[in-house]
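One structure is given below, encoded as structure tokens.
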Amino acid sequence: MKHSLSTVRQLWQLLEPIHATLYYAPEAFEEAAVLGYATDERWPSYFAYRAAPLGPAGPHLVNALFYSFRPQMVQHYTTEAWRTAAPEQVLRARRTGVDRALRRLLGDRIGLPELREVADLARRAAEAADTAGRPLAAANSALPWPDEPHLALWQAATILREHRGDGHIAALQAHGLGPAESLVSHAAVGAAPREVFGSRQWTDEEWSAARERLAARGLVRADGTATDEGLRVRTEVEKLTGELAAAPWDALTPGETARLAELLVPPVLDIVGTGLLPQQSTLGIGLKFDYE
């Protein structure tokens with residue numbers, strides 16, 4: 001492996017805001033509304049936009065691949081998704097929404113040679129990603145590449161993000177953390193307050209039951225915070241996630257990944273600086289793990 005796990009994690013942290021623009025930008029909600037999706041909450045368009053590369057996937061498949069959402073929530077939104085619009089329509093809408101959003105958010109950066117350079121570097125890594133056993137990454141990799149640098153950057157960020165996410169599920173399962181337990185254990189190490197994880201719609205009873213299962217393994221205390229063993233297990237999950245996400249970056253030299261990180265900072269600051277994205281999420285992007 002050419003790159004340290006800290007570098008692999010840093011690149012995910014920098015690419016995630018670009019990918020996540022789709023789920024929060026008003027332009028993406030507007031395009032979803034044109035198709036007939038409700039936009040008073042973000043979930044109708046989220047499930048449609050994220051699952052669309054899979055085709056008209058049913059709730060059982062989406063539940064398996066999205067992993068941490070309450071199954072009843074997935075059932076509701078996925079069933080409604082393809083009643084509202086076909087996946088092909090959704091894919092066109094998401095590209096249009098991202099195009100409009102990034103043009104607004106990045107402003108004068110659109111058309112600069114630096115944006116083409118960062119898009120080309122990210123695309124090289126994305127195209128090097130082995131998608132065997134990575135269904136969401138594979139589905140996004142199968143989509144045609146756009147010519148515009150800002151859209152190519154978004155697609156590369158999305159492929160790499162889903163590649164990491166597919167591997168993250170494998171890491172969670174390798175450590176015996178099911179969908180609800182994965183959230184409880186993440187909250188236990190301080191990824192975000194319990195209320196933030198409420199967005200996945202697990203009931204209080206289901207959350208408490210998952211916490212009790214982790215407590216029986218000695219991973220959380222009665223107050224829900226992680227024990228030393230719980231922190232160790234979660235650290236091992238994040239380490240394995242990074243190891244499984246590292247291979248695409250071997251397509252770039254360390255100097256090129258450093259250049260990519262340097263070039264990503266200004267557009268990411270443009271996006272984050274608008275307040276578009278939530279300060280806290282279930283991803284725990286700001287967490288530090290001592291695994292090197």
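The values are calculated or read from the model by the stated rules, or taken from the named source; none is laboratory data. Every value quoted in this text rests on a predicted model; they were computed, and no experiment measured them. Glycine also receives a Cβ, built like all others from the backbone with ideal geometry; neighbour counts cover every protein chain displayed. What goes into the accessible areas is simple: the full protein's heavy atoms, side chains included, and nothing from ligands, DNA or RNA. Shrake-Rupley method; radii C 1.70, N 1.55, O 1.52, S 1.80 Å.
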_Anything in region 207-216 that is of a type in the set (A, V, I, L, M, F, W, C), open to solvent by 20 Å² or more (accessible area, probe 1.4 Å) and in contact with a Gly (Cβ under 8 Å, 6 or more places away or on another chain)? List them, or say none._
none
*Out of the residues in region 94-105 that are within 19 Å of the chain's Cα centre (by Cα) and among the aliphatic types (A, V, I, L, M), state the one that is nearest to residue 49 (Cα to Cα).*
98
*Residue among 219, 231, 244 that alone is hydrophobic (A, V, I, L, M, F, W, C) and either open to solvent by less than 50 Å² (accessible area, probe 1.4 Å) or touching a strand residue (DSSP E or B) at 6+ places or on another chain (Cβ under 6 Å) (or both)*: 219
*Qualifying position, being at pLDDT 95 or above, among the polar types (S, T, N, Q) and in a loop (DSSP other than H, G, I, E, B), among 78, 39*: 39
_I'd like to know if region 32-42 contains one or more residues that are crowded, with 23+ Cβ neighbours inside 10 Å and over 15 Å from the mean Cα position of the chain (by Cα)._
yes
*Please give the number of the condition residue 94 fails out of (1) in a loop (DSSP other than H, G, I, E, B); (2) buried (at least 21 other Cβ atoms within 10 Å of the Cβ).*
(1)
*Assuming residue 155 fulfils every condition listed in (1) in contact (Cβ under 8 Å) with a residue 40 or more places away in the chain; (2) within 17 Å of the chain's Cα centre (by Cα) apart from one, which condition is it?*
(1)
*asked:* Give me the residue from region 185-200 that is touching a residue at least 40 places away in the same chain (Cβ under 8 Å), within 18 Å of the chain's Cα centre (by Cα) and more than 18 Å from residue 235 (Cα to Cα) and, out of that set, least open to solvent (accessible area, probe 1.4 Å).
replied: 197
_Return the residues of region 119-134 that are among the hydrophobic types (A, V, I, L, M, F, W, C) and under 15 Å from residue 145 (Cβ atoms); say none if nothing qualifies._
119, 121, 122, 125, 126, 128, 129
*List pairs: first in region 169-184 and more than 16 Å from residue 231 (Cα to Cα), second among the aromatic types (Phe, Trp, Tyr) and open to solvent by 10 Å² or more (accessible area, probe 1.4 Å), Cβ under 6 Å, 6+ apart or cross-chain?*
169/67; 179/67; 180/202
_Under 8 Å between Cβ atoms, which residue pairs at least 6 apart in sequence (or on different chains) link something in region 208-232 that is under 18 Å from residue 174 (Cα atoms) with a partner that is acidic (Asp, Glu) and open to solvent by less than 40 Å² (accessible area, probe 1.4 Å)?_
210/181; 213/181; 214/181
*What are the pairs, 6+ residues apart or on separate chains, where a residue within region 103-125 that is among the acidic types (Asp, Glu) has its Cβ under 7 Å from a residue that is surrounded by 14 or more Cβ atoms within 10 Å (Cβ to Cβ)?*
114/263; 117/263
*asked:* Would you confirm whether or not region 252-267 contains a residue that is in a helix (DSSP H, G or I), open to solvent by less than 30 Å² (accessible area, probe 1.4 Å) and farther than 30 Å from residue 110 by Cα?
replied: no
*Taking residue 68 as meeting all but one of (1) crowded, with 19+ Cβ neighbours inside 10 Å; (2) in contact (Cβ under 8 Å) with a residue 60 or more places away in the chain; (3) part of a helix (DSSP H, G or I), write down the number of the exception.*
(3)
